[in-house]
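*Asks:* My structure is below; once you've seen it, I'll send some questions.
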Amino acid sequence: MCAITSTQLRERFLEFFRERGHAILPSASLVPENDPTVLFTAAGMQPLVPYLLGQPHPQGKRLANVQKCLRTGDIDEVGDAFHLTFFEMLGNWSLGDYFKKEAIEMSFEFLTSDRWLSLPAEKLAVTCFAGDADAPRDTESARIWERLGIPKDRMFFFGKSANWWGPPGKAGPCGPDTEIFFDTGRGPASTRPNDDSGRFVEIWNDVFMEYEKRSDGTFAPLQQKNVDTGMGLERAVAVLCGHTNVYETDVFAPLMELIRGSVPRADERHLRIAADHLRAAVFVLSDPHEIVPSNVEQGYVLRRLIRRALRSLRLQGAEEHHLLDIGNRFVDELARIYGEAYPEIFERKSQAETQLWGELQKYIVIEQRAGKFIEQVRGRGDTRISGAEAFAIYQESGIHPDLLRSLGASQDVTVDFKGFEEEFQKHQQVSRAGMTQRFAGGLTDHSERTVRMHTATHLLHEALRRILGPHVEQKGSNITPERLRFDFSHPRKLSTEEIRKVEDLVNKEIRRDLPVTRAVMTPEEAKAAGALGFFEEKYGDQVSVYTVGDFSKEICGGPHVPRTGVIGRFHITKEEGLAQGIRRIRAVVE
Ligand code: GLY
């Protein structure tokens, strides 16, 4: 019998921080609102960037939550003991309130106190920032740990690669961190974390966000010193229950059992990949933004997760009927495991099943085609598929190089992945952030152009409702410094006339130079005041509402321009269908 369930850990974590004056925020959706540089929410701090940079948060200076996260940067590691694509992150924040001492003391108390998790303190090891030209050695954190009883030989110092956090390579808030590891006592007789032995598992990261990384790569002190922490729920449950890996935890064990019992062979790594990727895919499919498998952006990641899962199952001898059976039962099982914590899994179950089923049918055909292609490559006496060739076949037949690599492995055929990604990026012309970073997770870009586009998006939303009708609802939004993109419900293609009218209305409101103001209120007050928002999503107790003159009112984290006059000319560059009843507009401001 395990010491704790995932439900209990969520509850205890939030209770601990509530008792210590933290407001509890709901999990933001997996697809970020108005974040130009990322496809998915990859950390609990991501929706909080404006507040870490100094904007007052409507809920106060102490916050905590459990956040749904998706990271695909380590997708090739999935299948080992602790890496996952989708995971839940327990986090607490101080926005210019407490700093190192309180943050470390609270982490230590929650982990070790008998009232909370009761982990033996002597099994913990910590790492701190070693210091470099940008920031000093974090002796303060080390002293705090020492006072709490962590001996010097359980304390290690590393540079930025291990002890600095802020989404990689991006501008935004960041800083040194101190990571807490648990010594499992298993594996090689290693004495230090971070050495690949697998003996130590990282369970919590306390980040001291006191710097802002500027776009030229330099670091400047932030106006406030913040704390941002993250503890992976699945890892923590595994450690607390003495499991050797996350797949033995209560959120994974029934899924592993289901898959194991449904396929002829049972290579553990492939079963884990299937369980992880399918779980992530169902969470994406349950997002209110109605992401469907496709060849672009979130839809591309979703399709890739599903196909990699199916490939792993095929490698375990699964036939088409096994795949269909697993697909259906898997969604049922997930709804059972998560229905209470994340009701969207339950509510969007039939859509998720339909999409999974559709992908499965497509996959079977694709796999056959990919097999033929590998035969052709071998037939011409070749063993290497170039990036350009991999991209051409991907575009032509939707065959991802992942599949070519997997099918080709037994015949010694390899694929130039780097070349493929270069071609892919050239083609997609994704934002400056680039595909790899967008996959790994990144940060909001507050460049002035982006801010102008945020406000233009509000004007567009309202203009669409006035021209097309109040049935128009936002389904997604994504802004890069180059363009804005807005997805919304509408049953038909927009006529040229409608597009012109929408553009004209937005430009008229820009020329009126309307003031943009922010107010804080409860979601109920916001709704009563007529503010647009995702009311089907849970908000916290207090929300920010941005009002643009007498034209628009919308719940949003910001940032926005002070007056519409600075936005510039608004121009719609493309209008297209995204899915049944959902349209997508791309627009620029000049
Ligand atoms: N935001 C802290 C972490 O992801 O570790």
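The values are calculated or read from the model by the stated rules, or taken from the named source; none is laboratory data. Please read these numbers as outputs of a predicted model, since none were measured by experiment. Because the Cβ atoms are built from the backbone with ideal geometry, glycine has one as well, and the counts that use them run over all protein chains shown. What goes into the accessible areas is simple: the full protein's heavy atoms, side chains included, and nothing from ligands, DNA or RNA. Shrake-Rupley method; radii C 1.70, N 1.55, O 1.52, S 1.80 Å.
*Asks:* Send over the Kirkwood Rh of the range 372-414, from the inverse of the averaged 1/r over different Cα pairs, rounded to one decimal Å.
*Replies:* Every distinct Cα pair counted, the radius reaches 10.2 Å.
*Asks:* Then there's this: Reachable lysines from Lys100, Cα under 23 Å, same-chain residues fewer than 8 places away excluded?
*Replies:* Result set, ordered by chain and number: Lys61, Lys123, Lys152, Lys160, Lys213, Lys225.
*Asks:* Also, I was wondering about something else. Using label points projected 7 Å from each Cα along Cα→Cβ, tell me how many nm separate Arg384 and Ala266, to one decimal.
*Replies:* 4.2
*Asks:* Next up: Sort the chain into rounded, prolate or oblate with this rule: let a ≥ b ≥ c be the square roots of the eigenvalues of the Cα gyration tensor; rounded if a/c is under 1.5, and if a/c is not under 1.5, prolate when a/b is larger than b/c, oblate otherwise.
*Replies:* Judged from the Cα gyration tensor, the chain comes out oblate (a/c at least 1.5, b/c at or above a/b).
*Asks:* Subtracting the Cα-Cα distance from 0.36 nm times the residue separation, let me have the gained length for Gln542 to Arg512 in nm, one decimal.
*Replies:* In short, 7.8 nm is gained.
*Asks:* Would you rank Asp416, Asp267, Asp216 by solvent-accessible area, highest first, keeping every protein chain in place and using a 1.4 Å probe?
*Replies:* Working: Asp416 45, Asp267 70, Asp216 110 Å².
Final ranking, largest accessible area leading: Asp216, Asp267, Asp416.
*Asks:* Right, next: Taking the simple approach of a point 7 Å from Cα along Cα-to-Cβ for both Ala133 and His427, what is their distance in nm?
*Replies:* About 4.0 nm separates the two model spin labels.
*Asks:* Let me ask another. For the range 101-151, what is Rg from Cα atoms divided by 2.2 N^0.38 Å, rounded to two decimals?
*Replies:* 1.26
*Asks:* Between Ala392 and Val520, what length comes free when the chain is fully extended (0.36 nm per residue of separation minus the Cα-Cα distance, one decimal in nm)? Before the final figure, lay out each step's value.
*Replies:* Numbers: separation 128, 0.36 × 128 = 46.08 nm, distance 5.09 nm.
Once the chain is fully extended between Ala392 and Val520, it gains 41.0 nm.
*Asks:* Would you please name the GluC sites (Glu not before Pro) within the range 321-365 that are DSSP coil residues with at most 16 other C-beta atoms within 10 Å of their C-beta?
*Replies:* On the way: sites: Glu333, Glu340, Glu344, Glu347, Glu353, Glu359; in loops: Glu340.
Passing both the DSSP loop test and the Cβ count: Glu340.
*Asks:* Under unit Cβ charges (Lys, Arg +1; Asp, Glu -1), what dipole magnitude, rounded to 20 debye, does the chain have relative to its Cα centre?
*Replies:* Rounded to the nearest 20 debye, it is 1040 debye.
*Asks:* R0 = 35 Å: FRET efficiency of Phe346 with Asp74, Cβ-based, nearest 0.05?
*Replies:* Efficiency, rounded to the nearest 0.05: 0.75.
*Asks:* Another question, if that's okay. Write down the accessible area per residue of the chain in Å², having rolled a 1.4 Å probe over the full set of protein chains.
*Replies:* That works out to 40 Å² per residue.
*Asks:* Between Ala409 and Ala529, how high is the FRET efficiency from 1/(1 + (r/R0)^6) when r is the Cβ-Cβ distance and R₀ = 45 Å? Nearest 0.05.
*Replies:* Given R0 = 45 Å and the Cβ-Cβ separation, E is 0.15.
*Asks:* Could I ask something else about it? Which value results when the Cα radius of gyration for the range 465-512 is divided by 2.2 N^0.38 Å? Let's see the in-between values first.
*Replies:* Values: Rg = 11.8 Å, N = 48, 2.2 N^0.38 = 9.6 Å.
Expressed relative to 2.2 N^0.38 Å, the Cα Rg reads 1.23.
*Asks:* Further question on the same structure: Just report the Cα centroid separation between the range 308-374 and the range 213-245, whole Å.
*Replies:* 32
*Asks:* Only loop residues by DSSP count here, and only those with at most 16 other Cβ atoms within 10 Å; note down the GluC sites (Glu not before Pro) in the range 64-102 that meet that.
*Replies:* On the way: sites: Glu77, Glu88, Glu102; in loops: none.
Answer by residue number: there is no such site.
*Asks:* Now for a different question. Which semi-axis lengths, in whole Å and largest first, follow from the square roots of five times the eigenvalues of the Cα gyration tensor of the range 445-590? Numbers along the way, then the final one.
*Replies:* On the way: eigenvalues 97, 71, 39 Å².
Output for the range 445-590: semi-axes of 22, 19, 14 Å.
*Asks:* Loop-only trypsin sites (Lys or Arg not before Pro) in the range 221-281, please: DSSP not H, G, I, E or B, and at most 15 other Cβ atoms within 10 Å.
*Replies:* Sites meeting the loop and neighbour criteria: Arg265.
*Asks:* Could you pull out every Cys in the chain that lacks a partner Cys with its beta carbon under 4.7 Å away?
*Replies:* Cys69, Cys128, Cys174, Cys556
*Asks:* Tell me, what ³J(HN,Hα) does each residue in the range 352-364 have, in order and in whole Hz, if you take phi through Karplus 6.51 cos²θ - 1.76 cosθ + 1.60 with θ = phi - 60° and put x for Gly and Pro?
*Replies:* 4, 4, 4, 5, 4, 4, x, 5, 4, 4, 5, 4, 4
*Asks:* How do 114-123, 280-289, 59-68 rank on mean C-beta neighbours within 10 Å, highest first?
*Replies:* Answer by packing, highest mean first, reads 280-289, 59-68, 114-123.
*Asks:* Sticking with this one: Any idea what the alpha-carbon Rg over 2.2 N^0.38 Å comes to for the range 67-179?
*Replies:* Compared with the compact-globule rule of thumb, the range 67-179 sits at 1.17.
*Asks:* Same structure, new question: Quantify, in whole percent, the carbon and sulfur part of the accessible surface of the chain (1.4 Å probe; protein heavy atoms only).
*Replies:* 49
*Asks:* Just want the answer: with Cβ charges of +1 for Lys and Arg and -1 for Asp and Glu, which residue in Leu334, Ala130, Ile582 is farthest toward the dipole's positive end in the chain?
*Replies:* Ile582
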